[in-house]
1. Can you tell me what percent of all Cα-Cα pairs in the chain are more than 31 Å apart?
2. Using θ = phi - 60° and the Karplus form 6.51 cos²θ - 1.76 cosθ + 1.60, what ³J(HN,Hα) does each residue of region 297-306 get, whole Hz, x for Gly and Pro?
3. Could you give the nm distance between label points at Glu88 and Met249, where each point is 7 Å from its Cα heading toward the beta carbon?
4. Using alpha-carbon positions, what is the distance between the centroids of region 114-163 and region 185-222, in Å?
5. Once you place label points 7 Å from the Cα toward the Cβ at Asp257 and Lys223, how far apart are they in nm?
6. How big is the dipole moment of the chain about its Cα centre under a simple scheme where the beta carbon of each Lys and Arg is +1, that of each Asp and Glu is -1, and everything else is neutral? Debye, nearest 20, please.
7. Once the dipole of region 120-183 is set up with Lys and Arg at +1 and Asp and Glu at -1 on Cβ about the Cα centre, which of Cys152, Tyr127, His163 lies farthest towards its positive end?
8. Treating cross-link reach as a plain straight distance, find the lysines whose alpha-carbon is under 26 Å from the alpha-carbon of Lys294, omitting any fewer than eight places away in the same chain.
Amino acid sequence: MKKTFLLLIGICLSFSLFAQEKPHIDSLLPVRGLAIAAPSKSGLQHFINFVEKELVPAKFNMLILRVDYNYAYTSLPHLANPNPLSKEDVKKLVAMGRKHGIKIVPQINLLGHQSWAKETGNLLKAYPEFDETPHVKTENYEGWPNEWGLYCKSYCPLHPEVHNIVFQLVDEIMDAFEAEYFHAGMDEVFYIGDDKCPRCSGRDKAELFAGEVTKIRNHLAQKGRKLMIWGDRLIDGKATGIGMWEASMNNTHRAIDLIPKDVFICDWHYERPDHTAVMFAMKGFDVVTCPWRKPDVTYQQLLNMMSYRKHSTKAMAERFKGMIATVWSPAERFLEAFYHPETEIQEISDVNTLKLLINEFKKL
């Protein structure tokens, strides 16, 4: 009897030690995500198959889907793209997420990214009065840099009617996806507080940016929902040397001290594994690191995130939430490259970045 009792004690201790050596997966990396364009209607099932075959085994638990106008909005149907996702299509994504424990986060680009190259986006096409820089014509775009400083258009955050429109889209897409988080984009905002804007001219760009973030956050909070944004406009591009793309050179960075602390920051860096996640965590924000197409940089970013969580105080460690890979091509094009990698440039590839994270997540 004594030997049996000692044997049982030994077994219990061994399980206890094993549990300490292999903590629950969420304690290692709470967020394992992918940010990608929402699939087309025709590519929906292929996308669902990809998630279930490739991402679920690696314990991915968040999908940020850039929906924008690829949804059959009933509140503002004139803003929808041709042949958009239907509510029934979205419910298939919702069911997939619920089945596999994946939070699906719909994204609509707010404030910035209201145009791309020579194409004005649906919002400013339908409501040109919302344009922050109507004197700049997208059809004249000939690449970057240019005499107008045009990369992407912005809407004017102080226009009295703009939020009546965009919040209808936000509410409808959040209801359709039954989502907890909404991603508002808000990256690479170069047009803000323009000198020729009758409402914004002369105003503090940091206060304008913070005001828009706060307005969106407060609207979501009315229904218990949470805001995610890209973090670049909150980083001082000059002081850090990061520059105008992955950080701000137009003085919006001071908004970091003006926005609510429950805004979730997606900190993207593609060329180097910059340590700005530490800054966001020290300011009190939850933050994830977001790589793109350089696997070597991505691997170091993963090591950094694991190190932050392991070697920080408890309060800080809890704010380092994990990793979200980014893909900027249409979902169908990305999946074609994923399953036919011979077409990819091996050293610079979002496909190889995601495959690396899949393999590393499985090891965890």
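Taken together, the values in this text are just the output of simple stated rules run on the coordinates, not laboratory data. Please read these numbers as outputs of a predicted model, since none were measured by experiment. When we count neighbours, we look across all protein chains shown, and the Cβ atoms used for this are built from the backbone with ideal geometry, even at glycine.
1. 37 percent
2. 5, 4, 4, 5, 4, 5, 4, 4, 4, 5
3. In this crude spin-label approximation the distance works out to 5.1 nm.
4. So the separation of the two Cα centres works out to 15 Å.
5. Label at Asp257, label at Lys223, 3.5 nm between them.
6. 1720 debye
7. About the Cα centre, the residue reaching furthest to the positive side is Cys152.
8. Lys53, Lys59, Lys103, Lys238, Lys310, Lys321, Lys355, Lys362, Lys363
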